[in-house]
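Shown next, in structure tokens, is the structure this report addresses.
The values are calculated or read from the model by the stated rules, or taken from the named source; none is laboratory data. As the structure is a prediction and not an experimental result, all values here were calculated from the model. As a convention, Cβ positions derive from the backbone with ideal geometry for all residues, glycine included, and neighbour counts pool all protein chains shown.
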Ligand code: IDP
Ligand code: MG
């Protein structure tokens, strides 16, 4: 089952939490067939925000981004499944909700680039998923468990 175990980091941002979208977003990943292996409701501090968004330091929107992501609680998650990072990004949509097609999370729930509801690890940034999981979760916070439905999600998963 090794090719079904890719893990990716996903987070409902403060706007998504305030708008009551945690359940809807969790539902979408569950229904897709991904397996939740970690989750926590938390507040990001300045230091974690700088680390998480380090690649954007120096850009004109950086300070506003840090202010936004630390402005209220977030819901951080780790989801596991085949090609999880890429598949989750497809479900999230484009960075700008205005450019995101209907059916994607940002395309269904957002209108503004600065308030785009959700973060997910970039699949074109090698190792971003593992880095972000490590940044937000201790290894003992991640749960190894068998999703019984996997036998119906994956053709080659044994019954
Ligand atoms: P991503 O979230 O789709 O991976 P990134 O380019 O990594 O997009 O940017 C990280 C976050 O920074 C975005 O999700 C968005 O919240 C914010 N952001 C990116 N570009 C802009 C911008 O031009 N103005 C305001 N916020 C931006
Ligand atoms: Mg990014």
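Remarks
- Of all residues in region 111-132, those satisfying the criterion of being in a loop (DSSP other than H, G, I, E, B), without any contact (Cβ under 8 Å) to a residue 24 or more places away in the chain and more than 9 Å from ligand 1 (Cβ to nearest atom) are 111, 124, 126, 127.
- Among the numbered conditions (1) out of contact with any helix residue (DSSP H, G or I) (no Cβ under 8 Å at 6 or more places or on another chain); (2) within 16 Å of ligand 2 (Cβ to nearest atom); (3) over 22 Å from residue 134 (Cα atoms), the only one that residue 63 does not meet is (2).
- Qualifying residue in region 75-93 (condition: away from ligand 1 (no atom under 14 Å from the Cβ), part of a loop (DSSP other than H, G, I, E, B) and at pLDDT 95 or above): yes
- Among the residues listed as 147, 135, the single one being loosely packed, with under 14 Cβ neighbours inside 10 Å, at pLDDT 95 or above, outside any strand (DSSP E or B) and away from ligand 1 (no atom under 13 Å from the Cβ): 135
- Count of residues meeting criterion [under 30 Å from residue 158 (Cβ atoms), part of a loop (DSSP other than H, G, I, E, B) and without any contact (Cβ under 8 Å) to a residue 60 or more places away in the chain] in region 1-48: 1
- Condition check for residue 63 on (1) closer than 17 Å to residue 44 by Cα; (2) in contact (Cβ under 8 Å) with a residue 24 or more places away in the chain; (3) loosely packed, with under 12 Cβ neighbours inside 10 Å: one failure, at (2).
- Members of region 90-100 that are out of contact with any helix residue (DSSP H, G or I) (no Cβ under 6 Å at 6 or more places or on another chain) and over 18 Å from residue 34 (Cβ atoms): 94, 95, 96, 98, 99
- Under the condition of being in contact with a helix residue (DSSP H, G or I) (Cβ under 6 Å, 6 or more places away or on another chain), within 15 Å of ligand 2 (Cβ to nearest atom) and farther than 19 Å from residue 27 by Cα, the residues counted in region 101-134 number 3.
- Residue, farthest from ligand 2 (Cβ to nearest atom), within region 150-159, restricted to residues that are in contact with a helix residue (DSSP H, G or I) (Cβ under 9 Å, 6 or more places away or on another chain) and part of a helix (DSSP H, G or I): 150
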